[in-house]
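The values are calculated or read from the model by the stated rules, or taken from the named source; none is laboratory data. The shown structure was predicted, so the numbers you read here are calculated from the model rather than taken from an experiment. Cβ placement follows ideal geometry from the backbone for every residue including glycine, while neighbour counts extend to all protein chains displayed.
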Amino acid sequence: MPRAQKASYGRRTANATRMYNRRQQNNTPERSQTLVQEQRNALSMKSAFNYQSEIDYLNIKALQIGRMTILCPKCHAKKWKDETHRLCCADGKVVLHQFEDLPDLIKSLIDNSHPLSKHFFDNSRRYNTLFQIT
């Protein structure tokens, strides 16, 4: 004999019922105001994918994430205040080796002491793209 199906009185159902009742209690002006606010929030959340140069994003408080003022005690990476401690080095489980010194040619290109330094900086994105494959 097949088992009887359980009633779905879980968290989702309770939350959906609560939201439905809240919406029914709102009058029409409140509903339209809530809708406008939800649309505004949705637009600001998508603004990273829809960049518009005429918008001053620095003055939009909801988009401010603050400065990276926290240092990881294990790897000394800079992090934001609420960032998890496992994100940078898996709480000390990942250890990166120190970089070797740069070759003299690269150093001279970077510190502007080489005749081709300007050309190097003007085309640095191309060089980066070229060497990311190797």
*Residues 98, 132, 33: which one is surrounded by 10 or more Cβ atoms within 10 Å (Cβ to Cβ) and modelled with pLDDT under 90?*
33
_Cβ-Cβ distance below 6 Å, separation of 6 or more or different chains: which pairs start in the stretch 83-96 with a residue that is closer than 13 Å to residue 73 by Cβ and without any contact (Cβ under 8 Å) to a residue 60 or more places away in the chain and end on one that is of a type in the set (A, V, I, L, M) and surrounded by 12 or more Cβ atoms within 10 Å (Cβ to Cβ)?_
88/77
*Out of all the residues in the stretch 103-116, is one or more closer than 29 Å to residue 67 by Cα and among the acidic types (Asp, Glu)?*
yes
*Kindly establish whether residue 22 is modelled with pLDDT under 85, surrounded by 11 or more Cβ atoms within 10 Å (Cβ to Cβ) and among the basic types (Lys, Arg).*
no
*Taking the condition more than 17 Å from the chain's Cα centre (by Cα), in the same structural domain as residue 121 (by TED's automatic domain parsing) and surrounded by 12 or more Cβ atoms within 10 Å (Cβ to Cβ), does residue 109 pass?*
yes
*For the stretch 82-134, which residues satisfy the criterion of being among the charged types (D, E, K, R) and assigned to a helix (DSSP H, G or I)?*
104, 107, 118, 122, 125, 126
*Quick one: residue 55 ticks every box in (1) closer than 30 Å to residue 37 by Cα; (2) within 17 Å of the chain's Cα centre (by Cα); (3) among the β-branched types (Val, Ile, Thr) except a single one, so which number is it?*
(2)
*Of all residues in the stretch 50-89, count the ones that are touching a strand residue (DSSP E or B) at 6+ places or on another chain (Cβ under 6 Å) and of a type in the set (S, T, N, Q).*
0
*Number of the exception - residue 68 against (1) modelled with pLDDT under 80; (2) within 26 Å of residue 88 (Cα to Cα); (3) surrounded by 11 or more Cβ atoms within 10 Å (Cβ to Cβ)*: (1)
